[in-house]
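Everything on this sheet refers to the single structure shown next.
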There are 2 protein chains.
Amino acid sequence: MDDRNRMHTSRRHVLQGAAAFVPLAMIPGLARAETPERALFQKAVDGQRDDTIALIRDWIGNPTIAAEGRNVDKGADYMASLLRDASFDHAEIVKTDGVPGVFATLDAGAPKTVALYFMYDVKQFDPREWSSPPLEAKIVDRAPYGKVMIGRGAVNQKGPEGAFLGALHAFRKMGRKPPVNLVFVAEGEEEIGSPHFHQIVRRPDIMAALKKAQGVFMPAASQDPKTGAVTPDLGAKGIIECELVSSGETWGRGPARDIHSSFKAMVDSPVWHLVAALETLVTKDGNTPAIDGWFEHVRPLSDRERALIAQNAANASGPDWMKRYGVQHFIDDLPWDKAMERLVSQPTVNIEGLVAGYIGPGGKTILPGRAAAKLDLRLVPNQTRAEAETKLRAHLKKRGFGDIEVNVTGGYDPTETPEDARIVQAQLEVYRRAGVDIALNPRRAGSWPGSVFTSPPVSLPASHFGFGHGSGAHAPDEYYVIESSNPKVTGLTGTMMGHVDFLYEMAR
Amino acid sequence: MDDRNRMHTSRRHVLQGAAAFVPLAMIPGLARAETPERALFQKAVDGQRDDTIALIRDWIGNPTIAAEGRNVDKGADYMASLLRDASFDHAEIVKTDGVPGVFATLDAGAPKTVALYFMYDVKQFDPREWSSPPLEAKIVDRAPYGKVMIGRGAVNQKGPEGAFLGALHAFRKMGRKPPVNLVFVAEGEEEIGSPHFHQIVRRPDIMAALKKAQGVFMPAASQDPKTGAVTPDLGAKGIIECELVSSGETWGRGPARDIHSSFKAMVDSPVWHLVAALETLVTKDGNTPAIDGWFEHVRPLSDRERALIAQNAANASGPDWMKRYGVQHFIDDLPWDKAMERLVSQPTVNIEGLVAGYIGPGGKTILPGRAAAKLDLRLVPNQTRAEAETKLRAHLKKRGFGDIEVNVTGGYDPTETPEDARIVQAQLEVYRRAGVDIALNPRRAGSWPGSVFTSPPVSLPASHFGFGHGSGAHAPDEYYVIESSNPKVTGLTGTMMGHVDFLYEMAR
């Protein structure tokens, strides 16, 4: 899905300003510890800087774009080569019903194991919109960030992933194994909603390997560009994306194709049929799902979640947020803290797009034979994607809209990772040691395929981790900071060093 | 508007098969009479054939397209030249707030006057979709019609208009004046809904000239290609075309531009706002306007109208119509004759197009800042365009949708011309003399700017007239029959001769 980095960026804006420290009391039994021989690692990582830049740059030059069928046959090979180079002792292509994935392992002979999730695909791009060629990954000065690499995938996700691989190369150069065993899964369809990722993760031997891990994480550029603060998520909403299509053909009423609009007087309209169906899905104000049984399994916020939201709201400025997004009022004129609570807690039915008939300038007197609405429905615990799809179809059918096609194009269950999971606590410790402000986010309002790990049968804590900053995922001039002008934000080598620290912390 | 020829074509399909004669008893006091010296005229018209083809061809080669701003400064000059060449003694460009029109007169020193309405603009076209270049107006064999001219504007409306001008050239060649004086108005914005045509028609001196006429007509290709039958209209529905636009900017709620869809949980949606507004405009089935007071001035069908509809329904095959248009059921499962009655009598609210947010393949997780619906609302007597617009706005405002922009892009009042008007009776007589089947249509369900003439202050009977056949208005390979393979349908010279007969009939 396209949510991770955009939400990420937006959360940054929400939370800019002083973020709240998580009180130490929250982390019982966790003593502070340094990475052993840290200065040696720092040197090795510094020496690995240029090779890591080259690695990321070459990878950006070989984009896989599932939506366009671009390089879908070679992207997994490329990914597997990167892994072998970085000391993985096993790396194999995993066929799916779509673009293949990669499964890899690095046996360090360590008592503990950590899992990794990578995406090797990137979002579509139009080079004409870029100030620097999107596949050349040039490094340019960009105030106030410093030296940044500009390219498609720079932050989403090849830059952060490349930084992790660079850290492994530092281990290799030092002739050492990482302090934990690694289990690795990657997909090439993240940007189209990970439709086949479960086929990789649930392959029995892969699932068995994953289950040995304490948790799974995806490298990310997590720091606010101004404050350096991080806001780790304890979960994410789920989502269904679908297209509702009303057509004369499947309805058996209205025209099979566009006809002259004067015939409306004697012929039904598939467009009005769609409008009538849509109108039943939400309350009159469009703000609350009205699909039968939608809230049946929705669990209310816990006191801890409510407290974290209140803290996050207090850390950030509602007016600033509203100004940035051109929003004058929240739903029901809620105050900022209640709006944030709604953001985290409420399922949504959103219309991403509507398209029917003539959409050019002016008008055209036609009665369209077809109308479509693109929806995304965000899900909260304990809704599931399967439940939501079933309920949506049943709701429409019950109301005489059973003919309307519901084409589900992707989706995930909600993701939840317990706050006391090692994968969460270890990153908090590493951030804390670095003097970085932390504000835990109980649930991101955007979505990512974390539920593939956190839901049964895998049932593994899942998170993102990583120092550094970048932005512009899915947009032109996507960038990733290589050398940071802001001492609160790491550059590439600082980010690589963060992964060394994190692996040692996970090894404890 | 784009209705004239398309409706025309569709009515042909509706009415193909034996059409009903209008009983002679309907036309009291009208004796049959021949055009004097008809054989001489026939010879003159035949001699004018090639020049008329050249006239139409050259005109097609100089298209004015208001929607594209193409040749909008020279089209009126071209039109005026054609008129001067065809013996009009006065022809002037009439400036408007849009594309200029033309006003011309031909004083024949005759006791009676006939007015003419021309459009000199044409619809947009894409040459790649044509089998013959749309501006070259080549004449090709096209079974079963015969030799046809293919070009943009061939039937809509340069071919039929050129045939009339060709008839005037025949008079000129014979050294004669037409038997009636002519008053001529033309516009260059018909294809964008005639937004400024009233500025031409209501200029005091032009209106005074028009008021001297017995009626106004537009040359048209009126014959069914199979049966040769004609179906003159006694009026047409009116129309408003408008775009309803919901945006965060004008609403003051929702985002000012597209934002990430996860924010739907705390931000209102201008798309849902539009859906909620649309839903109030019609009954649940989308088939009857539900706008406050919409039916206040709607007059029921007269017995005569009902009889004409029944006759037309009996002349045509409902199943054939349904097959042609891919329609399996009429509204409310009405039988064919009742569907035809609904077609003629009922106002409509139709959605021509919907557009909001992301409309490409797949999905995109955005909460759109703007949504628009393109509507056409067909009006029946005695609704007016002004009344309809006022009621639509009031309806929306009353329900909390006053922020939704209602951008009216064009429209006309309904058109009505009495059956006993000379402009109607004269054409019936000419058709009858030619042995052509006639089925009067009480009201076309499509729209044309006839109300500019038929409504106050001009209050002139208005109609279309013309033999011949053509089709494909607004579509690729638009054509006009030059030589007809079907003896029941005239070619170009027969059509020209029809105008000679018509002018003499109007002179009686």
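Averaged over peptide B:285-293, how many Cβ atoms belonging to another chain are found within 10 Å of each residue's Cβ?
Mean shielding by partner chains, rounded to a whole number: 3.
Counting pairwise Cα distances across chain A, what percent come out greater than 40 angstrom?
More than 40 Å apart: 24 percent of the Cα pairs in chain A.
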Using 0.36 nm times the number of residues separating B:Asp51 and B:Arg299, minus their current alpha carbon distance, what extension gain do you get?
84.5 nm
If you place +1 on the Cβ of every Lys and Arg, -1 on the Cβ of every Asp and Glu, and leave all else neutral, what size is the dipole of the stretch B:389-508 about its Cα centre, to the nearest 20 Debye?
480 debye
For the protein assembly as shown, the charge dipole (Cβ of Lys, Arg +1; Cβ of Asp, Glu -1; about the Cα centre) points to a positive end, and the Cα of B:Gly162, B:Ala439, B:Gly146 closest to that extreme belongs to B:Ala439
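Indicate, rounded to the nearest 5 percent, the antiparallel portion of the DSSP beta bridges found entirely in chain A.
75 percent
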Solvent-accessible surface ranking, highest first, for A:Leu82, A:Leu40 at 1.4 angstrom:
A:Leu40, A:Leu82
Hey, what did the stretch B:76-132 get for relative contact order, percent, Cα under 8 Å, at least 6 apart?
27 percent
Cα centre as origin, Lys/Arg/Asp/Glu Cβ charges: the stretch A:318-433 dipole, Debye:
440 debye
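Report relative contact order for chain A in percent, whole number only (criteria: Cα-Cα under 8 Å, sequence separation at least 6). Mind dumping the intermediate values first?
Numbers: 1112 pairs, mean separation 134.4, N = 508.
It rounds to 26 percent for chain A.
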Once amide hydrogens are built 1.01 Å from N within the peptide plane, the residues lying 5 or more places from B:Gly146 or on another chain with amide H under 5 Å from its amide H are B:Ser485
Residue (of A:Gly357, A:Gly410, A:Val500) at the positive-pole extreme of chain A, dipole from beta-carbon charges:
A:Val500
Can you list, shortest first and in nm, the gaps between the label point of A:Lys226 and those of its counterparts in the other copies, using a point 7 Å from Cα in the C-beta direction?
7.3
Using only protein heavy atoms and a 1.4 Å probe, report how much of A:Ser302 is accessible, in Å² to the nearest 10.
40 Å²
Tell me, what HN-Hα J-couplings in whole Hz come from the Karplus equation 6.51 cos²θ - 1.76 cosθ + 1.60 at θ = phi - 60° for each residue of the stretch A:458-468, using x for Gly and Pro?
7, 6, 10, x, 9, 7, 9, 8, x, 6, x
About its Cα centre, what dipole magnitude does the protein assembly as shown give when the only charges are +1 on Lys and Arg Cβ and -1 on Asp and Glu Cβ, stated in debye to the nearest 20?
280 debye
Positive-pole candidate from A:Asn181, A:Thr35, B:Ile366, dipole of the protein assembly as shown, charges at beta carbon:
B:Ile366
Once normalised by the length of the stretch B:247-312, the mean sequence separation of its alpha carbon contacts under 8 Å that are 6 or more apart gives a contact order in percent of 17 percent
With everything on Cα atoms, drop me the angle between helix A:159-173 and the longest principal axis of chain A, reported from 0 to 90° to the nearest 10.
20 degrees
The long-range amide H neighbours of B:Lys138, using H built 1.01 Å from N in the peptide plane and a cut-off of under 5 Å, are B:Ile150
For the pair A:Asp333/A:Ala33, report the inter-label distance in nm, with labels modelled 7 Å from Cα in the Cβ direction.
5.6 nm
How much accessible surface area, in Å² rounded to 10, belongs to the heavy atoms of A:Cys242 with a 1.4 Å probe?
10 Å²
Could you calculate the contour length gain from B:Ala307 to B:Ala208, that is, 0.36 nm times the residue separation minus the distance between their Cα atoms, to one decimal place in nm?
32.0 nm
Shortest first and in nm with one decimal, please list how far the A:Arg38 label point sits from its counterparts in the other copies (point 7 Å along Cα→Cβ).
11.0
Which angle from 0 to 90°, rounded to the nearest 10, does the C-alpha axis of helix B:336-345 make with the longest principal axis of chain B?
90 degrees
If I take R0 = 60 Å and measure r between the Cβ atoms of A:Lys74 and A:Ala290 in this structure, what FRET efficiency does the formula 1/(1 + (r/R0)^6) give, to the nearest 0.05?
0.80
Could you tell me the accessible area of A:Thr288 in Å² (1.4 Å probe, neighbours in place), rounded to the nearest ten?
40 Å²
So what are the ³J(HN,Hα) numbers for the stretch B:50-61, from phi and the Karplus equation (6.51, -1.76, 1.60; θ = phi - 60°), rounded to whole Hz, Gly and Pro as x?
5, 5, 5, 4, 4, 4, 5, 4, 5, 5, 4, x
Short version: ³J(HN,Hα) in whole Hz for each residue of the stretch B:318-334, in order, from phi by Karplus 6.51 cos²θ - 1.76 cosθ + 1.60 (θ = phi - 60°), x for Gly and Pro, what are they?
x, x, 4, 4, 4, 5, 4, 9, x, 10, 8, 9, 7, 3, 6, 6, 4
Computed, not fitted: 222 nm per-residue ellipticity of the protein assembly as shown from DSSP H runs ≥ 4 (each -39500 (n - 2.57)), nearest 500, equal to -9500 deg cm²/dmol
Taking H placed 1.01 Å from N in the peptide plane, check which residues at least 5 places from B:Gly238 or on another chain put their amide H under 5 Å from its amide H.
B:Leu379, B:Val380, B:Thr415
May I ask you to compute the full-extension gain from A:Gln124 to A:Met174, defined as 0.36 nm times their residue separation minus their alpha-carbon distance, rounded to one decimal in nm?
14.2 nm
If we hang a label 7 Å off Cα along the beta carbon direction at A:Glu296, how far is it from the matching labels on the other copies, in nm, shortest first?
4.8
In degrees between 0 and 90, to the nearest 10, how far off the longest principal axis of chain A does helix A:492-507 point, with axes built from Cα atoms?
80 degrees
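The values are calculated or read from the model by the stated rules, or taken from the named source; none is laboratory data. Remember, predicted model here, so these are calculated numbers, not experimental data. All Cβ positions, even for glycine, are placed from backbone atoms using ideal geometry, and neighbour counts span all protein chains on display. Ligands, DNA and RNA are stripped out before the accessible areas are found, and what is left, the full protein with its side chains, is counted by its heavy atoms. Shrake-Rupley method; radii C 1.70, N 1.55, O 1.52, S 1.80 Å.
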